[in-house]
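Reading through the structure tokens given below for one structure.
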Amino acid sequence: MEKILFLEGKFREKIWGGSKLRQFYEIPSDKTGEYWAISAMGDMSSVIKNGQFKGESLEEVYKNHKELFGNPKEETFPLLVKIIDANDDLSIQVHPDDEMAQRLENSRGKTECWYILNEKAASIIYGLKTRDKNLALKLIDERRWKDLLREVPTKKGDFFFVKAGTVHAIKKGSLILEIQQASDLTYRLYDYDRTDKDGLLRELHLDKAKEAIKINENDTEIKSFGQANMRGRILTENEYFSVLEYKLRGKNKFIKDKPYSLFSLVDGKGEIYIDGRSYGIKKGDFFILSKFCDKFEIKGELSLIESYPTTLLEEE
């Protein structure tokens, strides 16, 4: 059985999209907002690039070959990994939690996190200035966005945990690796009165958005670890997913103790060795190490983000 699955993702053009993804890929236009790199969501599913499953979608492989993933309980692949290029501000928005999403949309909720990739300084909307939801709703009704929204500066390597219910927005100039629950639910609160290509105001979802809002404590403790040729950080270990950062130089050996892990190569290049076989890896590559890979070695100078569903810990 395959030990490593390299993935080719799908692009989404957006009104706020740009052309920064051209540094990684051949993109469809200068309005490319998202690259769904590791996805098993319908027509946006990634495609396997190597081995016996080459040409098949990740959705199909997960459904038909659960043994590759340690026979997990989840019926559908639980995570989604994207790169987002914001050439303009995204809407002010909020995502529902699992209970609300199941009740209203028959879907998972959407808790996510952001690993900042942009070289130049940018900012995000990250939560509210008030801890009082009733006051927040009043400010929304009065469209007093400057009094309500908390804007935070960002730089490359910053990390933000965005729990469902948190009001947020990615702002102009941001390039972000997003790891989230596999859900495409977004409720827009405000969109700067922008019009779409047909000259129509973009749809808002005020009633659902106001219901979804929570006053969350999103700050997570980031823990560092390392060895001679590696510096690492545990960025989050929440109820849905765990995310780790590795900055590698030279040779590093790893033992994989999870049924499967998702990897995003965000900087540099090198090689990964599995059972004596070498695979070249470079910035912009995404791959999954399956249940059948229990150890591997990486050589090179690179930055790597690992993620996996927290439910895997519960099943061990």
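Worth a mention:
- Distance (nanometres) between label positions extended 7 Å along Cα→Cβ at ILE255 and LYS138: 5.8
- Ellipticity at 222 nm from helices only: DSSP H runs of n ≥ 4 in the chain, each -39500 (n - 2.57), divided by the residue count, give -3000 deg cm²/dmol.
- GNM top mover of LYS172, LYS214, LYS129 - the chain, alpha-carbon springs below 10 Å: LYS129
- Gyration tensor (alpha-carbon) shape descriptor, segment 260-316, a/c threshold 1.5: oblate
- Using the Karplus relation 6.51 cos²θ - 1.76 cosθ + 1.60 with θ = phi - 60°, the per-residue 3J(HN,Hα) values for segment 13-19 come to 7, 9, 4, 9, x, x, 10 Hz, with x marking Gly and Pro.
- Total lysine pairs whose alpha carbons fall under 18 Å of each other in segment 1-114 (8 or more apart, or interchain): 20
- Debye equation applied to the C-alpha atoms of segment 223-312, log10 I(q)/I(0) at 0.12, 0.13, 0.18, 0.23 Å⁻¹: -0.33, -0.39, -0.78, -1.31
- Protein heavy-atom accessible surface, 1.4 Å probe, per residue over the chain: 47 Å².
- Heavy atoms of ARG12: accessible area, 1.4 Å probe, square angstrom to 10: 70
- Remark: relative contact order (the chain) = 18 percent; criterion is Cα-Cα distance under 8 angstrom and separation of 6 or more residues.
- Based on Cα contacts under 8 Å between residues 6+ apart, segment 266-316 shows a relative contact order of 43 percent.
- Less than 5 angstrom separates the built amide H of TYR190 from those of ILE92, all sequence-distant by 5 or more or on a different chain.
- The heavy atoms of THR154 offer some 10 square angstrom of accessible surface to a 1.4 angstrom probe.
- For the chain: rounded, prolate or oblate by the Cα gyration tensor [a/c cutoff 1.5]: prolate
The values are calculated or read from the model by the stated rules, or taken from the named source; none is laboratory data. Model, not experiment: these values are computed from the prediction. We place every Cβ from the backbone using ideal geometry, glycine too, and count neighbours over all the protein chains shown. Heads up: the accessible areas ignore ligands, DNA and RNA and are worked out on the full protein's heavy atoms, side chains in. Shrake-Rupley method; radii C 1.70, N 1.55, O 1.52, S 1.80 Å.
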